[in-house]
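Asker: One structure, as structure tokens, below. Some questions next.
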Amino acid sequence: MNSNRLRSLPQLLLALLLTFAGAQQAVAQASAAADVKTNGVAPGATAGATAATATAPAAAPAGGDAAAIAAGDALFKGNCAQCHAVNEQVVGPALAGITKRRPISWLIPWVKNSSKVVASGDEYAVALFNKFNKQQMPSFALSDKEITSIVAYVTSEEGKATAVVGGPTAGNAAAADGKTDAAAGAAEGAGKYVDILLIVLVVVLIVLVVTLVIIGNLMKDVLRGRKDLDGRDIEILEQRFDWGKFYRSPVMRGIVGTVFALVLLYEGVQSVMAVGLTQGYQPTQPIAFSHKLHAGEHQINCAYCHTSVYKAKSANIPSANICMNCHSQIKTESPEIKKIYRAIERKQPIQWVRVHNLPDLAYFNHSQHTQVAGLQCQTCHGPIQNMEVVYQYSALTMGWCINCHREMPINSKDNKYYDNLVKLHDTKNAGAPFTVSSNGGTECSKCHY
């Protein structure tokens, strides 16, 4: 009886293989569906990237100016959030109740040039300066109106719990899509239930297959003990699948040869197409800088370190003095921070290794995409706020850029520059969105000239 069961071992293995293959495909499809359901699909954004949009400010309090609070939100995160929080002390003091401690007429000159206020002998300014180890606050070229809007934002946020967000611009995917943490948790729980259900189904299928094989072998054993079987019945009962003949058949050899040739061809084409691509490139930097810590946990705006990200052709590499704005007081004994001190003492720039680099034949303007188009860093750089060591997330190929231009709609609202272009586009392409491609964004001369 055991020998008969062994004869069915190949069939059993084949059945199990097919079962696991089907289960694996089902799990992959369920996972993808859950991901789309939870995160959605952003046109023009790379897969898996977190759309980092600025967190929308809370509703303005009674009598408050919502526009001023919204403007103050952006200004605070771009200029103040690196050293200050509203309801807790960071590098500088917590700003909650600042209007009760100092009038706006004092705050405006303080923000513009705190050193001048300290030098004037102002009692409160001198005490504050000494309390925080004589750490000098940078001067800001902000207008009175901008400083007032920052104060309005701070006032609106007083007493609120600090929100944990996951992006350099203080926004995470759930906030950007208008989803609550509860909804995200429910989706995650549903995904776990789906996984458990799939595991149970796979186990049931395996048990059924094994049971059927055992029953089949038992029936064969019973039939072999009967005396009334004729030659045809015995032949059917004892027949086996000839695996050797199957392996040696021309059809099988042809299939194996064809599959092998297709695999070699595919790998060859992929190798040729990958020449010059550096997707996934992750060099070791001279200083172990964590974007996950700075941009993710501490929510430092990208523009604080990469100061030209919104106004120049390229996003500059931060200089050592920007690091010293915080690290002259924070973790001064860290071996990595001491490397910055040594670079400053030797008057030598830190030799950062460039990660993202386009060929010279392609023109790319960073400010055109971040300032004019309003793209977030994650659109091209991926979930930068989760990276301990930065790597090239996107392919950055011509096809990748063109595909984005074909899908990315242009926000032409209240922009008279686009009025006639939109009218011409709607006349010829009624119902189609006005994309970058519609504005000539796929013409060769846009990037190659």
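Asker: Applying the selection to the range 252-295, what residues are assigned to a helix (DSSP H, G or I), β-branched (V, I, T) and under 27 Å from N357 (Cα atoms)?
Answerer: V269, V272
Asker: Next question, about the same structure. For the range 216-241, give me each residue that is open to solvent by 60 Å² or more (accessible area, probe 1.4 Å), within 60 Å of the chain's Cα centre (by Cα) and at pLDDT 75 or above.
Answerer: Correct list: L218, M219, K220.
Asker: Which condition from (1) farther than 30 Å from L396 by Cα; (2) surrounded by 10 or more Cβ atoms within 10 Å (Cβ to Cβ) is the one that L262 breaks?
Answerer: (1)
Asker: While we're looking at this one, here's another question. Taking the condition closer than 25 Å to P283 by Cα, open to solvent by 40 Å² or more (accessible area, probe 1.4 Å) and touching a Cys at 6+ places or on another chain (Cβ under 6 Å), does Y391 pass?
Answerer: no
Asker: Out of (1) outside any loop (DSSP other than H, G, I, E, B); (2) under 23 Å from A66 (Cα atoms); (3) not hydroxyl-bearing (S, T, Y), what's the single condition that is false for A125?
Answerer: The single condition A125 does not satisfy is (2).
Asker: May I ask you to list the residues in the range 296-314 that are open to solvent by 40 Å² or more (accessible area, probe 1.4 Å) and either in contact with a strand residue (DSSP E or B) (Cβ under 7 Å, 6 or more places away or on another chain) or in a loop (DSSP other than H, G, I, E, B) (or both)?
Answerer: Of everything in the range 296-314, those that are open to solvent by 40 Å² or more (accessible area, probe 1.4 Å) and either in contact with a strand residue (DSSP E or B) (Cβ under 7 Å, 6 or more places away or on another chain) or in a loop (DSSP other than H, G, I, E, B) (or both) turn out to be H298, Q299, H306, T307, Y310, K311, K313, S314.
Asker: So, one more: When you look at E333, is it surrounded by fewer than 14 Cβ atoms within 10 Å (Cβ to Cβ), of a type in the set (D, E) and either assigned to a helix (DSSP H, G or I) or under 20 Å from the mean Cα position of the chain (by Cα) (or both), yes or no?
Answerer: So E333 does not fit the description; no.
Asker: Something else now. Given the residues A432, A362, which is the only one that is over 20 Å from H291 (Cα atoms), open to solvent by less than 40 Å² (accessible area, probe 1.4 Å) and part of a loop (DSSP other than H, G, I, E, B)?
Answerer: Result of the check over A432, A362: A362.
Asker: So, one more: Across the range 346-356, what is the number of residues that are out of contact with any Phe, Trp or Tyr (no Cβ under 9 Å at 6 or more places or on another chain) and not charged (D, E, K, R)?
Answerer: Number of matching residues: 5.
Asker: Here is a follow-up. On the basis of being under 21 Å from the mean Cα position of the chain (by Cα) and either at pLDDT below 95 or of a type outside the set (G, A, S) (or both), does Y363 make the cut? Steps first, please.
Answerer: Values: under 21 Å from the mean Cα position of the chain (by Cα): no; either at pLDDT below 95 or of a type outside the set (G, A, S) (or both): yes.
No, not satisfied.
The values are calculated or read from the model by the stated rules, or taken from the named source; none is laboratory data. Since this is a predicted model, take the numbers as computed values, not measurements. Here Cβ is always computed from backbone atoms with ideal geometry, including for glycine, and neighbour counts include all displayed protein chains. Heavy atoms of the whole protein, side chains included, go into the accessibility calculation; ligands, DNA and RNA do not. Shrake-Rupley method; radii C 1.70, N 1.55, O 1.52, S 1.80 Å.
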